[in-house]
Amino acid sequence: MAKIIDGKQISQQIKDELKEEVKKLKAEGRNCCLAVIQVGNDPASSVYVGNKKKACAYIGIESRAYELPEETTEEELLSLIEDLNQDSGVHGILCQLPLPAHIREEKVIDAISPEKDVDGFHPQNVGALVIGRKGFVSCTPAGIIELLKRSGIEIEGKRCVMIGRSNIVGKPMALLMLRENATVTVCHSRTRNLKEICKEADILIAAIGKPQQITGEYIKEGTVVIDVGIHRNADNKLCGDVAFAEAEPLASAITPVPGGVGPMTIAMLMKNCVEAMKNGSADK
């Protein structure tokens, strides 16, 4: 039977550690603040923003919410971001994606100061990751590294197969695994012999965006399986990219959906925000 990697428990550990740290920083007169911008009222985005606010409240981080109407122009949004960049009381800026069609995501990501880019999406932070310099790392991949390490799973020297090459998960995840001295293969929609490649993995990370696509045929016995996907199946129940019932008997360890990778994303966002404040970027 596979060990179930409990993302809820591990994310709670991280939040508790941050709560203690924030308490000490407050005693020194240093307060941490995250600005969260949401344009429009996409239901999934509203849930995510709500969860971020709750996490801030729990840890002791001030959260400023900017809930803008759907018809907000790109210029208005960029102007708000520039104001927040200049505001020494704000340490992290997060603009909830997706944005309405008339606003260019790329333009918005580029506008956020790299020192306040707690999502880790700015090209400067992505570039820092590529060449091994200090910078903010995309929260989901950073969370997966924490899941592996805190579950006692060795990464160094292991064969890692990453399914997916998105800028938010696949690419940064591959780079982080390289940083941890894994041997990494990145697969995607054009990869040939996907099953055969996946069966060589010691650590298989699925961010393919298709519900229960990765069946038992993709998994060799003893593999660690990390499922990044989140979908609703025909019965309206949450499921991931991995067919859990088929994968679990084969895997040595596996993340469930829900309760695996998901909770880690917000925990790492909070960690990035505290780091931004400690870096003193907003006080320069």
| Among the lysines, which fall within straight-line cross-link reach of K8, defined as a Cα-Cα distance under 21 Å, with same-chain neighbours fewer than 8 residues apart omitted? | K19, K52, K53, K54, K149, K237, K271
| remark: For K134, counting only aspartates and glutamates whose alpha-carbon sits under 20 Å away and dropping same-chain residues fewer than eight positions off, the answer is D110, E115, D117, D119, E146, E180, E275, D283
| field | Student exercise, the chain dipole from Lys, Arg, Asp, Glu Cβ charges, in Debye to nearest 20 | value | 760 debye
| For the stretch 120-197 and the stretch 5-42, distance of Cα centres in Å | 23 Å
| By per-residue mean of other Cβ atoms within 10 Å, what is the highest-first order of 258-271, 50-63, 108-121, 166-179? | 258-271, 108-121, 166-179, 50-63
| request: Using only the alpha carbons, work out the radius of gyration and Dmax of the chain in angstrom. | output: 19.1, 57
| field | Angle between the chain longest axis and helix 74-86 axis [Cα atoms, degrees, rounded to 10] | value | 80 degrees
| query | Ranked highest first by average number of other Cβ atoms within 10 Å, how do 77-89, 138-150 line up? | reply | 138-150, 77-89
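Every number here is computed from the coordinates shown, using simple stated rules; none is lab data. Just so we're clear, the structure is a prediction, and the values are computed from it rather than from any experiment. Neighbour counts are summed over all protein chains in view; Cβ atoms, including those assigned to glycine, are modelled from backbone coordinates with ideal geometry.
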